[in-house]
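The values are calculated or read from the model by the stated rules, or taken from the named source; none is laboratory data. The structure presented is a predicted model; accordingly, all values stated were derived computationally and were not measured. Virtual Cβ from ideal backbone geometry, glycine too; neighbours counted across all protein chains shown.
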Amino acid sequence: MSPGRTTPGSTRTPATRRLAALAPLLLGAALLTPASFAQAESATASAATPAQGLRSDCYLSSDSTSLDFATYTSTGIQPSLNVKDLIPTLRGCAGSTLNVAAHWTGTLDVPAGGAYTFYIKGDNGFRLSLDGTSVIDHWTTDWDVPTQSQPVTLTAGRHQLAFDYNQGNGGAYIQTEWSGPGFGRQPVPDSALHVPDDYAPLDLASTVDTTGRRAVVRLPGRVDALPADLTQHLSVIAGGRRWAPAVATDPHDRSALVLTAAAKDTPAAMKSDVRISYDGKGGLNTSAGPLGVFSSLARNNSTWYFATQWAKDVSPSNALPDYPRPQQTRRQWANLNGTWQFQATAQDAPLPRGRLSGKILVPYPMEAPLSGVAEHHDWSLYQRTFTVPAGWRVGSGNRLHLNFGAVDHEAWVYVNGKPVAHHTGGYEAFTADITDAVTRHGDQSVLLKIKDTTDATEQATGKQSRDPSGIWYTPTSGIWQTVWMEPVPEQSVDSLVLTPDVKSGTVSVTVRPSAGTGRTARVTATAYDGHRRVGSVSGRPGTALTLRVPHAKLWSPDSPFLYDLKVTLDDGRSHDSVGSYFGMRSVSIGKAGGVNKIELNGKPTFLLATLDQGFWPDGIYTAPTDAALRSDLQLHKQLGFNTVRKHIKVEPARWYYWADRLGLLVWQDMPSRNTDKASAASNAEFDKEVHEIVDQHISSPSVVMWTMMNEGWGEQSKQSTGELADAVKRQDPTRLVDAHSGVNCCASKGDSGRGDVIDHHLYHGPANPAPDATRAAVDGEHGGYSLTIPGHIAGVAGGQDYGDGPADIAEMTRTYVENTSRLIPNAAAGLSGSVFTQISDVEGELNGLITYDRAVLKVYPDQVRDINRRLIAAGAAAGGTAR
């Protein structure tokens, strides 16, 4: 396929994803059909229609051009000849999405006699024959080429069908249509496809051990000798990857066939599908007779998973123990992370009265291996007990707050059976006041009922997908950020808004009070440089107070100085005190060399970023430890970047704390939806969540730009995008707004003309849009060079490949340097920023500067750092303004 056909601008709608997900689900259902049932169907074929779908035999080809059927990988069912995304199907049947060939056979049910014409288009090649006669032969390596057959005369009834398909790399799909007597051109219906009459695969039990490296199949009888070429007819697909196993019989039980993964094979990950297939042609005989075709979905007992170095540091007693809200700290708090009870549930199921059936490690999402669950549920329950320290004086002057960093996506919270909160939105923190629900003594109980259907609805999901492949990744559901509780006074600080003004040498401090705070309450904010008091201001809560910062030390990536802040709220009876911090910096659009450029602290600054998606193999959305969370930002600094584009995900507050402290500018995306035809209620919810995200990170000095849309994903109209950008600019006039990253690309509805920047994407690029009369110009995405590091790839295939992949670290480094050098003259002229895709590999997408497990850096850091510094310097000198 074309390396650039399926780019980060390719939007898959929920309907598309459901169709793509259907193939492996039906494949699994068919392969699990008991042999007795399948044989009974075969025996009564004259009276009953054979099962829907086609027999599917998958193979790996010798190379990208041979288009042969070289290596057998599995046998199963292909339910449709119209699949918009075949990547999951190929991964499941071949253990790869590179150089795959499939042979689909069965019958086609023709509704009426007459002339039929067939139309096929795909990525890559295909050929169709009926009753042994070729109808369409496009057995080649191109893609997206429409083909049309000559008219074929067919009688009503079933006809023998054979359909071959091949896939080289990148995206994969097939579209098969026909026209005939009484109907025009339309897709060949799935209901017209039937497996061969004699297709009756054996149903054999199989298991995988806890190491994930050993599988056992129970055969119907004893095996005295194994054929020498058995491995050519036997295949193991474990978690979407094919093994090259050693095969033997158990010396203590000759009916047990033992398959052991080779040293280079990836073990079967916990909860992953493991399928063992035999084509029936290998001459394997048992005491019960010759063994026919079988395909067995194993019971997977593996506890192995693809992990980072930090996974070993995680346990129930230290699951993210760090204070979760660094810009509003209190001395007294209790972390509720750790082992919780867990179980799946249903929408209408009553709330449980006792213990739940399973357990989960909070705050890792249920799909994450670190959670111990490692699978998705649309509806789930979380429960645990806790005690309230007597010294917190809850109910005697203090309230008790239960805080959630984030829960994806909709949560109902109960304490001791009483409803205390209902929240929608997977990326925002929320708080429940549980004072009136707790008892004075003893254990308390908290229960959450959570709904998360991911991309099956119109909710904001970013890159999450229930059908992860290509540029769409494993979803996050349930609690995925820290849960904690804290006592707060009756009248207390609810939140802070800290807005620096570099020109006046002041910071505006707004202390938002809790509900019910009286008019007599006073707040005081005092700034510190280390232990030295800088200044103080007092006034009424809820008003913007001006705190002077004499001879302010400015915050920048080169000098990320932070002032400490102490805030008190006092009404004579109640006293609250919180700690915070702020940075003195400004970001704006100004003229340099006669064009609009981004300025930091009044000086042209080139925003040199990577695309940072924030996924982890062991924690998915949740970094395993605080050190892991910090590490990607430290790598940016090591490589000489000054900016991070946080790509359609919102991180925990501690991530922004580390960006603030390490000195990285943040270009913050809004998580996207996956439909451009959303309901009015969905649009209102999306806008609400956008404003909540802005509000919750409005005081972070590292955040300098808000991005509304990416490549049109979930965009409703050009007008609505512009209106949202305007609304966010009114909400936060001190930062830049990018109305549409990749406005030139993909599903974009077009340029609204709003916001502070015009943003183009180009792979490999870079892009070089021109500033206009009101906006600066940035390259929002470019790069995307894929270097594969064996042994450091997650068990998910089919990531985006833009072609021209480097062969080794030296070539990857050289490629990066050459690509980045093209930006230098642009930075010196009209370009204000660029984003290289990307900082790390993500699942099957291998175009990171570091592997997904964060173990292997794929470039030489000194050379990358040198070219990055030259680029930033060129941007600083734009218009002859360098100082």
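Numbers for the structure displayed
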{"quantity": "Count - residues of the stretch 447-463 that are in contact with a Lys or Arg (Cβ under 9 Å, 6 or more places away or on another chain) and outside any loop (DSSP other than H, G, I, E, B)", "calculated": "4"}
{"quantity": "Residue within the stretch 162-178 that is farther than 21 Å from Ala94 by Cβ, assigned by TED's automatic domain parsing to the domain that holds Gln148, polar (S, T, N, Q) and not in a loop (DSSP other than H, G, I, E, B) present", "calculated": "no"}
{"quantity": "Answer from Thr453, Thr474, Thr457 - the residue that is under 18 Å from the mean Cα position of the chain (by Cα), modelled with pLDDT under 95 and over 18 Å from Thr622 (Cα atoms)", "calculated": "Thr457"}
{"quantity": "Yes/no for Ser586 being within 35 Å of the chain's Cα centre (by Cα), over 27 Å from Trp333 (Cα atoms) and among the polar types (S, T, N, Q)", "calculated": "yes"}
{"quantity": "Out of Gly76, Gly106, sole residue that is surrounded by 23 or more Cβ atoms within 10 Å (Cβ to Cβ), at pLDDT below 95 and either outside any strand (DSSP E or B) or not polar (S, T, N, Q) (or both)", "calculated": "Gly76"}
{"quantity": "Output for the stretch 292-328, where each listed residue is assigned to a loop (DSSP other than H, G, I, E, B) and of a type in the set (Ser, Thr, Tyr)", "calculated": "Ser302, Thr303, Tyr305, Thr308, Ser315, Ser317, Tyr323"}
{"quantity": "Only listed residue being surrounded by 22 or more Cβ atoms within 10 Å (Cβ to Cβ), β-branched (Val, Ile, Thr) and touching a helix residue (DSSP H, G or I) at 6+ places or on another chain (Cβ under 9 Å), chosen from Val728, Val694", "calculated": "Val728"}
{"quantity": "Scope the stretch 303-332; condition buried (at least 17 other Cβ atoms within 10 Å of the Cβ) and under 25 Å from the mean Cα position of the chain (by Cα); matching residues", "calculated": "Trp304, Tyr305, Phe306, Ala307, Thr308, Trp310, Ala311, Val314, Ala319, Leu320, Pro324, Arg325"}
{"quantity": "Of all residues making up the stretch 179-206, the number that are in a strand (DSSP E or B) and in contact with a Pro (Cβ under 7 Å, 6 or more places away or on another chain)", "calculated": "1"}
{"quantity": "Cross-chain or 6+ apart pairs with Cβ under 8 Å, the stretch 370-383 first and farther than 16 Å from Lys451 by Cα and not assigned by TED's automatic domain parsing to the domain that holds Met270, then β-branched (Val, Ile, Thr) and assigned to a loop (DSSP other than H, G, I, E, B)", "calculated": "Leu370/Val314; Leu370/Thr622"}
{"quantity": "Any chance Leu351 is part of a helix (DSSP H, G or I) and touching a residue at least 12 places away in the same chain (Cβ under 8 Å)", "calculated": "no"}
{"quantity": "Odd one out for Gly663 among (1) at positive phi; (2) buried (at least 24 other Cβ atoms within 10 Å of the Cβ); (3) out of contact with any Lys or Arg (no Cβ under 6 Å at 6 or more places or on another chain)", "calculated": "(2)"}
{"quantity": "Residue under evaluation Gly171, criteria (1) over 30 Å from Ala261 (Cβ atoms); (2) modelled with pLDDT under 95, criterion not met", "calculated": "(1)"}
{"quantity": "All positions within the stretch 731-784 that are out of contact with any Leu (no Cβ under 9 Å at 6 or more places or on another chain), closer than 23 Å to Pro701 by Cα, outside any strand (DSSP E or B) and of a type outside the set (Ser, Thr, Tyr)", "calculated": "Gln731, Asp732, Pro733, Arg735, Arg775"}
{"quantity": "Segments classed as strands (runs of 3 or more DSSP E), wholly inside the stretch 590-677, with at least 2 members that are under 19 Å from the mean Cα position of the chain (by Cα) and of a type outside the set (Asp, Glu)", "calculated": "607-612, 643-646, 665-669"}
{"quantity": "Qualifying residue in the stretch 498-514 (condition: under 30 Å from Leu370 (Cα atoms), modelled with pLDDT of 95 or more and in a loop (DSSP other than H, G, I, E, B))", "calculated": "no"}
{"quantity": "Residues located in the stretch 835-856, provided they are without any contact (Cβ under 8 Å) to a residue 60 or more places away in the chain and in contact with a strand residue (DSSP E or B) (Cβ under 7 Å, 6 or more places away or on another chain)", "calculated": "Gly848"}
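For every residue, the table says whether it meets (1) free of Cβ contacts under 8 Å to residues at least 60 places away in the same chain; (2) outside the structural domain of Glu845 (by TED's automatic domain parsing); (3) surrounded by 15 or more Cβ atoms within 10 Å (Cβ to Cβ); (4) among the hydroxyl-bearing types (Ser, Thr, Tyr).
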| position | (1), (2), (3), (4) |
| --- | --- |
| Val135 | yes, yes, yes, no |
| Thr153 | yes, yes, no, yes |
| Ala156 | yes, yes, no, no |
| Asp190 | no, yes, yes, no |
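Residues are listed down the side, and each one gets a yes or a no for (1) of a type in the set (Asp, Glu); (2) at pLDDT below 95; (3) in contact with a helix residue (DSSP H, G or I) (Cβ under 9 Å, 6 or more places away or on another chain):
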position	(1), (2), (3)
Thr65	no, yes, no
Ala70	no, no, no
Lys84	no, yes, yes
Phe118	no, no, no
Asn124	no, yes, no
Leu128	no, no, no
Val135	no, no, no
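Yes/no matrix, rows are residues, columns are (1) surrounded by fewer than 20 Cβ atoms within 10 Å (Cβ to Cβ); (2) over 19 Å from Thr675 (Cβ atoms); (3) among the hydroxyl-bearing types (Ser, Thr, Tyr); (4) assigned by TED's automatic domain parsing to the domain that holds Asp695:
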residue	(1), (2), (3), (4)
Asp443	yes, yes, no, no
Ile450	no, yes, no, no
Thr454	no, no, yes, no
Gly462	no, no, no, no
Gly470	no, no, no, no
